[in-house]
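Asks: Sharing a structure, written as structure tokens. Questions coming.
Nothing in this text is a laboratory measurement; each read-out follows from the coordinates by a stated rule. Nothing here was measured: the structure is a model prediction, and the numbers come from that model. Quick reminder, even Gly has a Cβ in these numbers, built from the backbone with ideal geometry, and neighbours come from all protein chains shown.
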Amino acid sequence: MSLHMLKMSLLGAALAVVAGPALAQTKVTNQGISAKEIVIGTHQDLSGPIKVWGVPVLNGMKLAVEEVNAKGGIHGRLLKLIAEDSAYEPRKAVLATQKMVERDKIFAMIGPMGSPTVLAAQDILFEAGIPQLFPLTAAEFTYKFDASKPQERLKFNNLLPYVESTRAIVKYMIPEKKIQKPCVMSQDDEYGKNVLDGFTQQVEAMKMKPASITTYKRGASDFSAQAAKLKADGCDMVVLGTIIRETIGVVAEAKKIGFEPVWLGATPVCVLEVPALGKGVVEGLYSGCGFEVPYRDTAKGKVKEWAEAYFKMYNAEPNTQAVIGYNTIMTFAHYANLAGKDLTGQKLLTALESGDVFQDIFASPPTKFSNTNHLASTITQISVIENGRWKTVKDGLSF
């Protein structure tokens, strides 16, 4: 028996002993695996309100697939990626997921986009025994699972969770900036609720009270009312459970009325488009980030090689979203390789829960799962926009 086979055998036996009957009850698919390929799927917003996320995420995924396949694939099997456009609409995400499960016969759903869309479609995957891996939302429902519901064991996430990352950055910024009246503005969906929960939990833990809590409807473009309320409530720091255009929109409205608090974005704010589109309006804005934002002209080593390959393939500058998309595939490839030559759904699950560590090329916190913890990491950092670029202020943060 090879060392690798012995390792996986021992890991499987250990997990069986530790986890008991619940693991044996989990139905896991073997569809999508043939002698020559592994079929994987994703749904992204390619035409809707956050296509500035969906398009580069998918580009990053495609680049990773090409890289994996160029090196011989997963034990000789090439990856085949099926991608569908959800337009950030839950109904379309459901239809896309049904199509990929029933017609395309995907083995795993990797990096699906968005809190409302992922939530709407994930039960289709679990009922079919298909793992949902590393979705592009850090909402709690993507990694927390009930041990009495074995199919929920099929969810894993390697993004910073919104609740924990928001708590970490609020904990750091309140004393750092001597904040007296912390406030929050969040989107009225699962993403926004998680940011709101993280904010309120941390403020209460610090024996403070929110000075203002306001929301906006997903897809809104006018933030004058929210800016006016935040100013009237005397906020000296506003946590933003926003994405790109909403971040720029509310900061711009605030400037019009002479309101300039400390702005602190949740992790989806930490993307290149915010300073690129917001320009001087967003100078000085802080945000939680998962890793140092890559710039092609200053990157080094493997990150430089990755950035140049991305630019060559798409004639576009690589960004945060592309990094995240790339990492979803490379993380899957790591654990699929670990699962061994005779890949099955059960062996992939065993590999994911083995405690084996995946480290990306971007110096992100290490990815590590267990049979009781399907969240890779809770470590975050804070960056600030200076001269049109994100600059790391503090890393290694937790609450």
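Asks: Using amide H atoms built 1.01 Å from N in the peptide plane, name the residues 5+ places from V393, or on other chains, whose amide H lies under 5 Å from its own.
Replies: Amide H neighbours of V393, under 5 Å, 5+ apart: I382, S383, V384.
Asks: Give, in whole angstrom and from largest to smallest, the semi-axes √(5λ) of the equivalent ellipsoid of the chain, with λ running over the eigenvalues of the Cα gyration tensor. Please list the in-between numbers first.
Replies: Working: eigenvalues 268, 99, 78 Å².
Working through the eigenvalues yields semi-axes of 37, 22, 20 Å.
Asks: Which of G41, G280, G60 ends up with the largest GNM mean-square fluctuation for the chain, with Cα atoms connected below 10 Å?
Replies: In this elastic network of the chain, the residue with the biggest mean-square fluctuation among G41, G280, G60 is G280.
Asks: Given the chain, what percent of its DSSP beta bridges are antiparallel, to the nearest 5?
Replies: 30 percent
Asks: Okay, moving on. Note the direction-averaged projected area, equal to a quarter of the hull surface, for the Cα convex hull of segment 213-340, in nm². Mind dumping the intermediate values first?
Replies: On the way: hull surface 41.1 nm².
Projected over every direction and averaged, the Cα hull of segment 213-340 covers 10.3 nm².
Asks: Over the chain, what is the mean sequence separation of C-alpha contacts under 8 Å (at least six apart), divided by residue count, expressed as relative contact order in percent?
Replies: Numbers: 834 pairs, mean separation 72.5, N = 399.
Result for the chain is 18 percent.
Asks: Hey, got the dipole for the chain? About the Cα centre, +1 on K and R Cβ, -1 on D and E Cβ, debye to the nearest 20?
Replies: Values: 44 positive and 40 negative charges, 55 e Å.
So the dipole magnitude of the chain works out to roughly 260 debye.
Asks: Once the dipole of segment 229-285 is set up with Lys and Arg at +1 and Asp and Glu at -1 on Cβ about the Cα centre, which of T267, V250, V239 lies farthest towards its positive end?
Replies: Selected residue: V250.
Asks: Quick check on the chain: helices-only [θ] at 222 nm, where DSSP H runs of length 4 and up contribute -39,500 (n - 2.57) each and the sum goes over total residues. Nearest 500, please.
Replies: -13500 deg cm²/dmol
Asks: Continuing with this model, one more query. Could you give each residue of segment 310-317 its phi-based ³J(HN,Hα) in whole Hz, using Karplus coefficients 6.51, -1.76, 1.60 with θ = phi - 60°, and x for Gly or Pro?
Replies: Values, residue by residue: 5, 5, 5, 6, 10, 6, 8, 6 Hz.
Asks: With each pseudo-label sitting 7 Å past Cα toward Cβ, what's the Q25-R103 distance in nm, one decimal?
Replies: That separation, rounded to one decimal, is 3.5 nm.
Asks: Greater than 23 Å separation of Cα atoms is the criterion. Which listed pairs, K71/K155; K51/K149; K36/K71; K92/K155, meet it?
Replies: Numbers: K71/K155 28 Å; K51/K149 34 Å; K36/K71 14 Å; K92/K155 21 Å.
Over 23 Å apart, Cα to Cα: K71/K155; K51/K149.
Asks: Shifting gears a bit: Taking the convex hull of the Cα atoms, report for segment 44-202 its projected area averaged over all directions, in nm².
Replies: Its Cα hull, projected and averaged over all orientations, spans 11.4 nm².
Asks: First measure r as the distance between the Cβ atoms of K229 and D297, then evaluate 1/(1 + (r/R0)^6) with R0 = 35 Å and state the FRET efficiency to the nearest 0.05. Intermediate results must be reported in sequence, preceding the final value.
Replies: Values: r = 41 Å, r/R0 = 1.16.
Efficiency computed from Cβ-Cβ geometry: 0.30.
Asks: Separate question: Provide, as a two-decimal number, the C-alpha radius of gyration of segment 244-316 over 2.2 N^0.38 Å, N being how many residues it has.
Replies: Working: Rg = 14.8 Å, N = 73, 2.2 N^0.38 = 11.2 Å.
Dividing the Cα radius of gyration by 2.2 N^0.38 Å gives 1.32.
Asks: Across the chain, where is the longest run that never hits trypsin sites (Lys or Arg not before Pro) in a DSSP loop with at most 13 other C-beta atoms within 10 Å?
Replies: On the way: sites that count: K36, K71, R103, K178, K207, K217, K300, K341.
Counting at most 13 other Cβ atoms within 10 Å as exposed, the longest clean stretch of the chain is 218-299.
Asks: While we're looking at this one, here's another question. From the C-alpha gyration tensor of segment 285-399, pull out the three semi-axes of the equivalent ellipsoid (sqrt of 5λ each), sorted largest to smallest, in whole Å.
Replies: Working: eigenvalues 170, 76, 18 Å².
That gives 29, 20, 9 Å for the three semi-axes.
Asks: Another question, then. Using Cα pairs closer than 8 Å and at least 6 residues apart in sequence, work out the relative contact order for segment 120-268, in percent. Before the final figure, lay out the partial values.
Replies: On the way: 245 pairs, mean separation 30.9, N = 149.
About 21 percent, as a whole number.
Asks: Still on this model: Using a Cα-Cα cut-off of under 17 Å, which lysines could be cross-linked to K279, ignoring same-chain neighbours fewer than 8 residues away?
Replies: Those lysines meeting the cut-off are K255, K256, K391.
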